[in-house]
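The values are calculated or read from the model by the stated rules, or taken from the named source; none is laboratory data. In this text, all values refer to a predicted model and were calculated from it rather than measured experimentally. Here the Cβ positions follow ideal geometry from the backbone for every residue, glycine too, while neighbour counts run over all protein chains shown. Side chains included, ligands, DNA and RNA excluded: accessible areas come from the protein's heavy atoms. Shrake-Rupley method; radii C 1.70, N 1.55, O 1.52, S 1.80 Å.
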Amino acid sequence: MRNIHQYKLGLGEGKKHLLEGAGDLSEYMLLANMHAAGVVDSPTPDVVAKGGVAGLILLGYTAKGAGRFAVQSAFVKFYEDMRSQLSEDQLQRMQWNPITAEHTLCKFSRMSKKRCYTS
């Protein structure tokens, strides 16, 4: 499998884009699908942290306007907190990985905007 970290994913200087001219979200979604298909390795939590910021804020893991490293730390904390609350069987059935964690945060954020969730 190819290492997903060689691609930019909207983070880091000097990393190449998978597709020239692709936006960060399009590229991320393509790489997430490539991971699901077994073409590339799963990214680490700190690599996908950028996408789940709104969910992290809503859940109290970070504050609005937090810097990149604070967001990465918050995402890793969220990811590990979830891992600690679920059994190995649940983690496997959910295919819990950094990509599904980021997806969960994004969906949580969208649901909160539609008032599907109230705090």
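The separation of the stretch 68-84 from the stretch 31-53, counted between C-alpha centres, amounts to 15 Å.
Working from label points 7 Å from Cα in the Cα-to-Cβ sense, the residue 30 to residue 80 distance is 3.3 nm. Of the residues 47, 40, the one with the largest accessible area comes first in the ranking 47, 40, computed with a 1.4 Å probe on protein heavy atoms.
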